[in-house]
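Q: A single structure is presented below for examination.
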Amino acid sequence: MSFGKRTPLTDESRLSDENKLSKVFARLIQNHGPISLMQYMGEANARYYSTRDPLGAAGDFITAPEISQIFGELIGLWLADIWIRAGRPGPVHYVELGPGRGTLAKDALRTMKRFDLVPKVHFVESSLVLKDVQLAAVPEAMWHNDLSTVPTTGPILLVANEFLDALPVRQLVRTETGWRERMVGYYQERFLPVAGSLPMDAAVPVERREAPVGTIIETCPGAAAVMQEVARRLAEQGGAALFIDYGNVDAHEGSTLQAVRAHEKVDPFTDPGEVDLTALVDFAMMARMAQDLGARWLGTIGQGRWLKGLGADARARALGQIAPQHATAFWVAKERLCAPDQMGELFKVMGLAGPEWPDGAAFAGPAPGVEAE
């Protein structure tokens, strides 16, 4: 999920109060009973992203490409490096899932061009609001609602920054009477999580069925579907992919659902459609799935370590020399991306590649010919 300045379009300016999603959900639950958490999150985020540009100081959150050009430039460097070492195959396609304002693509494409890599550009985006912004940033891009219409010939260089975390999750909870799907109910004018009535034990791996009461298992069918398609394409077409998001490198239990509004964490069961709902990405499962489908897993490491391995420190210093009046700002932005107590460890970078493609720089060490500290 990633996304100058546009004024957010709120439901108050587009929809009547009765058509706000909270009112729609309340009526639905009162008439038909609780809805699944996956439906709640999916419909809430669909409404949220279709009605606003959520980025920046006036929005709800800021993503790495908007913090510093260093982020997109180093992604472009990584893609150019692996493409060159793969033998410069073509025709090649740059594909970005959830390209936000197009900032990452603009910075990455500028860097790739320095190495004679000028791919066709494909954005997978459904928000009309964000498409307008992306068009201004990367006018040569072609837009797709999903990966199915992206060309199937020629290698792909795919980037997904904060995309998987916004896809709806399904949760199962262990109750006194067995496993149930976690639903969303409506009581005393409030949404709240409740256990469903249908037994779901068969959906839980045998080795986890006897977990303590209260245990929550979380999966993301949408993320799995995306990973299956990307891995299949890498296996058949060749290429490389970077998934950058906050998540876990090991299996975990418990709910990771959270909400952000105006850069602050808020209750995810308040104002659906008006807040950004996300959940942690299970990178371990994503890596296993990709390998099962024939893609190469290059590694999953912290964003800070990966960026530093590609020369983030050196790039921040170089930018400071070009514009000394902004040297401190460049360094502070780089630290925000890389420091362990900021985004450096919370966010992970997972690399994938086609079976015949080389290893990815910075997953095992510094990129060839790039200074790292």
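Q: Can residue 261 be described as surrounded by 17 or more Cβ atoms within 10 Å (Cβ to Cβ) and not aliphatic (A, V, I, L, M)?
A: yes
Q: Working only within the stretch 85-119, note down all residues that are surrounded by 21 or more Cβ atoms within 10 Å (Cβ to Cβ), at positive phi and among the charged types (D, E, K, R).
A: Selection gives nothing.
Q: Report yes if residue 192 is of a type outside the set (Ser, Thr, Tyr) and surrounded by fewer than 20 Cβ atoms within 10 Å (Cβ to Cβ), otherwise no.
A: yes
Q: May I pose another question? Can you report the number of residues in the stretch 299-352 which are over 23 Å from residue 62 (Cβ atoms), of a type in the set (A, V, I, L, M) and touching a strand residue (DSSP E or B) at 6+ places or on another chain (Cβ under 7 Å)?
A: Residues that pass the stated criteria total 1.
Q: Does residue 95 count as modelled with pLDDT of 95 or more, touching an Asp or Glu at 6+ places or on another chain (Cβ under 7 Å) and not in a helix (DSSP H, G or I)?
A: So residue 95 does not fit the description; no.
Q: Among the helices (runs of 4 or more DSSP H) confined wholly to the stretch 289-338, which include 2 or more residues that are over 29 Å from residue 231 (Cβ atoms) and touching a Phe, Trp or Tyr at 6+ places or on another chain (Cβ under 6 Å)?
A: Per the criteria, 312-322.
Q: Just the residues that are part of a loop (DSSP other than H, G, I, E, B) and within 15 Å of the chain's Cα centre (by Cα), please, taken from the stretch 257-275.
A: 257
Q: Considering only strands (runs of 3 or more DSSP E) fully contained in the stretch 108-197, which possess at least 3 residues that are under 17 Å from residue 242 (Cβ atoms)?
A: Those strands (runs of 3 or more DSSP E) span 120-124, 156-161.
Q: Continuing with the same structure: Please verify whether residue 77 is at negative phi, surrounded by fewer than 23 Cβ atoms within 10 Å (Cβ to Cβ) and part of a helix (DSSP H, G or I), treating the condition exactly as stated.
A: yes
Q: Could you look through the stretch 339-365, keep only residues that are aromatic (Phe, Trp, Tyr) and assigned to a loop (DSSP other than H, G, I, E, B), and pick out the one that is nearest to residue 155 (Cα to Cα)?
A: Result: 357.
Q: Select, from 144, 122, the only residue that is in contact with a strand residue (DSSP E or B) (Cβ under 9 Å, 6 or more places away or on another chain) and surrounded by 20 or more Cβ atoms within 10 Å (Cβ to Cβ).
A: 122 is the lone residue from the list that is in contact with a strand residue (DSSP E or B) (Cβ under 9 Å, 6 or more places away or on another chain) and surrounded by 20 or more Cβ atoms within 10 Å (Cβ to Cβ).
Q: Could you tell me whether residue 68 is surrounded by fewer than 19 Cβ atoms within 10 Å (Cβ to Cβ) and at pLDDT 95 or above?
A: no
The values are calculated or read from the model by the stated rules, or taken from the named source; none is laboratory data. Please read these numbers as outputs of a predicted model, since none were measured by experiment. Note that we place each Cβ from the backbone using ideal geometry, even for glycine, and neighbour counts take in every protein chain shown.
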